[in-house]
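Data block below; observations after.
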Amino acid sequence: MRFSALTILKQALSGHSGWPEQWRSPEPKSAYDAVIVGGGGHGLGTAYYLAREHGLRNIAVLEKGWIGGGNTGRNTTIIRSNYLWEESEAIYEHSLKLWETLSSELNYNVMYSPRGVMMLAHTVHDVQVFKRHVHANRLAGIDNEWLTAQEAKDFCPPLNISPKLRYPVLGAALQRRGGTARHDAVAWGYARGASALGVDIIQNCEVTGIRRDATGAVEGVDTVRGFIRTKRVGVVAAGHTSVVMAMAGVRMPLESYPLQALVSEPVKPAFPCVVMSNTVHAYISQSDKGELVIGAGTDAYTSYSQTGGLHITTHTVDAICDLFPMFRRMRMMRNWGGIVDVTPDRSPIIGKTPVPGLFVNCGWGTGGFKATTGSAHVFAATIAKGEPHPIAAPFSLERFTTGRLIDEAAAAAVAH
């Protein structure tokens, strides 16, 4: 019998006992070689690569709710690698290459669609910044190209390039290999792949403490289902990393914000690509179900709210209606907020911590979904070998004391 992700999710929410055997949440063992805290895409992917590439099979993924029920289920599906700095280019391009073959790798359709990601320029400053991105990406062997306003409209016919707009379109940067994927399919695919390799995926198992031995090293985790002994713990709990890390006495340079998004009523295919705009802050694509997926901004205040301020959504919808007048009569079906961890330099933290045996992967901000594959891959290598993967090395926690920051705050091409 075949089970869709939606069927499995409904069964998880209802406590249904008819799960496929390999997807059921087992009772935790007393000890594991490694424990991953967080059952989203990054955590499940980490467990999968630990098992497949590093031979660790006695692994547990601990999730306080159900797998894929956090930020993985609340993202806006965009995949791209056109970042500015070399360190960011490396991790996001590594991720994009893994996305391109992930469905075949997992034998699970993650619905990766390289439909193109276009970033609009509305001011002279925008033009200069995006052309800088284009040149930097090309030097790194990453595809990116500059389009005139008319070429942008030719690529995306619904785009309004009228000079009467408050912020007229002056051009755009286009990464043709960028695109979208099914927002939560990566979690289900990695979960099935990891489970088949012997990984225990334990849902409804919140971590309540991290124990350290007399030397200060990790010796296990306390959970609502009992103590689990392990010498290696990888924390990948998006939005709540600071809370989990505090259990081991580690203070993180993170703030958590609601990041808002919404979807429209479903319609027939009408939008061919992904379009992003920094100046008016809006980004939009169309899902395979026909919904317009629209991304908004982060709230200005720290919060664990999963809704956020309505004014942010309102401003975003205003911008979408200006740029794409054909959508003015569309109805918004639902909006939500995912909780994102943000670092001072707006780049992630991947690697070791001052506590021996404790590893962390966090701080992705708006870049978490697109980085899922590469993040999981390099984090698994870091945990397995006890030393940072070369791509992960620049994103160490120590950079906040050495000053070697990776300032993607302005280079991320979105206004947060």
Just want the answer: with Cβ charges of +1 for Lys and Arg and -1 for Asp and Glu, which residue in Y92, H122, I79 is farthest toward the dipole's positive end in the stretch 39-140? H122
Could you point to the residue in N335, I312, S347 farthest towards the positive end of the stretch 309-416's charge dipole, with +1 and -1 charges on the Cβ of Lys/Arg and Asp/Glu respectively? N335
What is the log10 of I(q)/I(0) for the stretch 215-295, computed with the Debye formula using one identical point scatterer on each Cα and no solvent, at q = 0.14, 0.25 Å⁻¹? -0.71, -1.22
W188 accessible area, assembled protein chains, probe 1.4 Å, Å²: 10
Rounded, prolate or oblate: which one fits the stretch 349-406, using the alpha carbon gyration tensor with axes a ≥ b ≥ c (rounded when a/c is under 1.5, else prolate when a/b beats b/c, else oblate)? oblate
Taking all protein chains together and a probe of 1.4 Å, list M276, M333 from the most accessible to the least accessible. M333, M276
Please provide three numbers in whole Å: the alpha-carbon extents of the stretch 253-294 along the principal axes, with the largest listed first. 44, 21, 14
Computed over the chain, the relative contact order (Cα-Cα under 8 Å, seq sep at least six) in percent reads 22
Using 0.36 nm per residue, how much length does the chain from A196 to K164 gain when fully extended, once their Cα-Cα distance is taken away? 5.8 nm
Set of lysines near K153 by C-alpha distance (under 30 Å), chain-local residues within fewer than 8 positions excluded: K97, K131, K164, K268, K289, K370
For E89 the rounded accessible area (nearest 10 Å², probe 1.4 Å, non-protein molecules ignored) is 10
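Quick check for you: with a 1.4 Å probe and neighbouring chains kept, what is the accessible area per residue of the chain, in Å²?
Accessible area per residue: 42 Å².
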If you roll a 1.4 angstrom probe over the protein chains with everything in place, what fraction of the accessible area of the stretch 108-172 belongs to carbon and sulfur, to the nearest %? 57
Would you tell me the accessible area of K131, worked out with a 1.4 angstrom probe on the heavy atoms of the protein chains, in Å² to the nearest 10? 80
If one builds a Gaussian network model of the chain from Cα atoms under 10 Å apart, the most fluctuating residue listed among A185, A392, A270 is A270
Charges only on Cβ, +1 for Lys and Arg, -1 for Asp and Glu: so what's the dipole of the chain about the Cα centre, in debye to the nearest 20? 600
Rounded, prolate or oblate: pick one for the stretch 147-231, where a ≥ b ≥ c are the square roots of the eigenvalues of its C-alpha gyration tensor, a/c under 1.5 means rounded, and failing that, prolate if a/b is larger than b/c, else oblate. prolate
Sulfur and carbon atoms: percent of accessible area, the stretch 312-398 [1.4 Å]: 56
At a Cα cut-off below 20 Å, give the aspartates and glutamates reachable from K385, other chains included and same-chain residues fewer than 8 away excluded. D33, E53, E219, E398
If you fit an axis through the alpha-carbon atoms of helix 5-14 and take the longest principal axis of the Cα set of the chain, what angle between them do you get, 0 to 90°, nearest 10? 60
Across the alpha-carbon set of the chain, Rg over Rh with Rh taken as the Kirkwood radius works out to 0.97
The stretch 320-377, dipole about Cα centre (Lys/Arg Cβ +1, Asp/Glu Cβ -1), debye to the nearest 20: 340
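The values are calculated or read from the model by the stated rules, or taken from the named source; none is laboratory data. Because the structure is predicted, anything quoted here is derived from the model rather than measured. No Cβ is skipped: glycine too gets one built from the backbone with ideal geometry, and neighbour counts run over all protein chains shown. Accessible surface areas use protein heavy atoms only, side chains included; no ligands, DNA or RNA. Shrake-Rupley method; radii C 1.70, N 1.55, O 1.52, S 1.80 Å.
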